[in-house]
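Data first, discussion second: the structure below is written as structure tokens.
Nothing in this text is a laboratory measurement; each read-out follows from the coordinates by a stated rule. These numbers were taken from a predicted model, which means no experiment stands behind them. When we count neighbours, we look across all protein chains shown, and the Cβ atoms used for this are built from the backbone with ideal geometry, even at glycine.
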Amino acid sequence: MALWDAALISEGHALVRERLASGRAPGRYQLLAAINAVHTDGTATDWAQVVALYDQLVALDPSPIVQLNRAIAVGECDGPDRGLALVDRLADELNGYHPFHAARALSLGRLGRDAEAREAYGAASTLAENSAEIAYLERRRSELGSTGL
């Protein structure tokens, strides 16, 4: 975060606080801004707060991608097993979406299920279209424990 513009972050935080204090129910973009504010407040991310914000966002927009983001936050808050269970519920809708496979890989790796994580990183890498993302996914895949092969 050292390279980020602190003044702009402060301004964004003030706008989020102002909107949330207005007494009106926040909309989709206000909730997304609040989630970003939690991530950029200069301290460790308060994952319980992020989950609570995603709960509100899912009520407004229950799309599979919003649910995936909520599942990732749940995994950070409540453990990778809980997050993975929620991610896996989205398989039918998101099987062709590389972040779905990357989220699975991250959870599987944290659970010590390296072979499955390696497979999920491979699926994510195959579906990704950006060379930087592909390189990142392949690096994460190579960082997993040895297969013994």
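Comparing L137, L15, L68 in a Gaussian network model of the chain where C-alpha atoms under 10 Å apart are linked, the largest mean-square fluctuation is found at L15.
Spin-label model, A115 to D78: label points 7 Å out along the Cα-to-beta-carbon direction sit 2.9 nm apart. Between helix 6-20 and the chain, what is the angle of the helix's C-alpha long axis to the longest principal axis, kept within 0 to 90° and rounded to the nearest 10? Once rounded, one gets 70 degrees. Convex hull volume per residue, computed on the Cα atoms of the range 99-149, equals 63 Å³. Which parts of the range 40-58 would a label at S10 reach, counting a residue when its backbone N lies under 18 Å from a point 7 Å out along Cα-to-Cβ? Once the point is set 7 Å along Cα→Cβ of S10, 40-43 turn out to lie under 18 Å by backbone N, inside the range 40-58. If you keep only loop residues by DSSP, which trypsin sites (Lys or Arg not before Pro) in the range 44-107 have at most 14 other Cβ atoms within 10 Å of their Cβ? Of the trypsin sites (Lys or Arg not before Pro), the ones in loops of the range 44-107 whose Cβ has at most 14 other Cβ atoms within 10 Å are R89.
In a fully extended conformation the segment linking R89 and R17 would gain 22.6 nm over its present Cα-Cα distance, using 0.36 nm per residue. Note that the range 42-49 has calculated 3J(HN,Hα) couplings of x, 10, 4, 4, 8, 5, 4, 5 Hz, one per residue in order, obtained from phi through the Karplus relation 6.51 cos²θ - 1.76 cosθ + 1.60 (θ = phi - 60°); glycine and proline are x.
Which value at 222 nm does the chain reach when only helices count, each DSSP H run of 4 or more adding -39,500 (n - 2.57), with the total divided by all residues and rounded to the nearest 500 deg cm²/dmol? Kindly include the intermediate steps, with their values, before the conclusion.
Details: 9 runs with 109 residues, N = 149.
Per the formula, -23000 deg cm²/dmol.
Just subtract the alpha-carbon distance of T126 and E143 from 0.36 nm times their residue separation and send over the number in nm, one decimal.
This chain segment gains 4.4 nm when fully extended.
Taking Cα centre as origin and charging only the Cβ of basic (Lys, Arg, +1) and acidic (Asp, Glu, -1) residues, the dipole magnitude of the chain rounds to 120 debye.
Phi-derived couplings, Karplus 6.51 cos²θ - 1.76 cosθ + 1.60 at θ = phi - 60°, listed residue by residue for the range 24-39: 7, 4, x, x, 3, 6, 5, 5, 4, 5, 5, 4, 5, 5, 4, 6 Hz, with x used for Gly and Pro. Spin-label model, R28 to V58: label points 7 Å out along the Cα-to-beta-carbon direction sit 1.8 nm apart. Over all distinct Cα-Cα pairs of the range 44-84, the Kirkwood formula returns a hydrodynamic radius of 9.9 Å.
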